[in-house]
Amino acid sequence: MSKRLLTLIRHAEAESEHGSRIRDCDRPLTERGREDAIRLRARLADRGFEPDGVWTSDAERALSTTTILADSVALGSADVDIRSSLYLAHMSTLRDSIREAPADIQHLVVVGHNPGLSELWDWLCDKHGFGLPTCGIARIGLKISRWSQLERGCGDLIEFGKPDENPPS
């Protein structure tokens, strides 16, 4: 059975919506968020990170994170698919979307939001209580040959971290 690879990336830190007139979906990245995304881009490029497909939420903070990551070899030559359905998507929406991913994609990157991304990670790896921090990454090896086979516990965590730290051993 061939393995699929799924990488979940939570958007980088964004400006707070409290006390502002900015709609949630329009919140820009903070300076720290931009710096974190640049560090993550370097980390991914150093690892030869080359996905076949990249999906991102259409929220400004996710789009900006994806743009920074794509601004080099960090996302390889994969096309970026902007999906409004990923904006604040629940775990079940993420799961169902991934189950319909094209067969030619072996390594899919999803850039989005919590709590959906963290809940999906928990569900895939049959773990509980792990949270994906802003600009955090969870690379998950999937014991499936087709995306439609995605099910609870079919994943093994390969890498977890933030751009400014080493992955745990």
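The values are calculated or read from the model by the stated rules, or taken from the named source; none is laboratory data. Keep in mind that this is a model prediction, so the values were computed, not measured. Note: ideal-geometry Cβ built from the backbone for every residue, glycine included; neighbour counts use all protein chains shown.
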(message) So if I check each of 95, 23, 99, which one is exposed (fewer than 15 other Cβ atoms within 10 Å of the Cβ), of a type outside the set (A, V, I, L, M, F, W, C) and touching a Leu at 6+ places or on another chain (Cβ under 7 Å)?
(response) 99
(message) Could you list, ordered by first residue, the pairs with Cβ atoms under 6 Å in which the first is in segment 101-122 and closer than 17 Å to residue 84 by Cβ and the second is β-branched (Val, Ile, Thr) and crowded, with 21+ Cβ neighbours inside 10 Å, at least 6 apart or interchain?
(response) 111/9; 111/56; 111/65; 111/66
(request) Search segment 123-161 for residues being in contact (Cβ under 8 Å) with a residue 40 or more places away in the chain and touching a Ser or Thr at 6+ places or on another chain (Cβ under 8 Å), and hand back the single one that is surrounded by the fewest Cβ atoms within 10 Å (Cβ to Cβ). (result) 145
(request) Specify the residue that is nearest to residue 123 (Cα to Cα); the eligible residues are those in segment 49-93 that are among the small types (Gly, Ala, Ser) and modelled with pLDDT of 95 or more. (result) 92
(request) Give segment 1-48 a look and list any residue that's under 22 Å from residue 101 (Cβ atoms) and at pLDDT 85 or above, or say none. (result) 3, 4, 5, 6, 7, 8, 9, 10, 11, 44
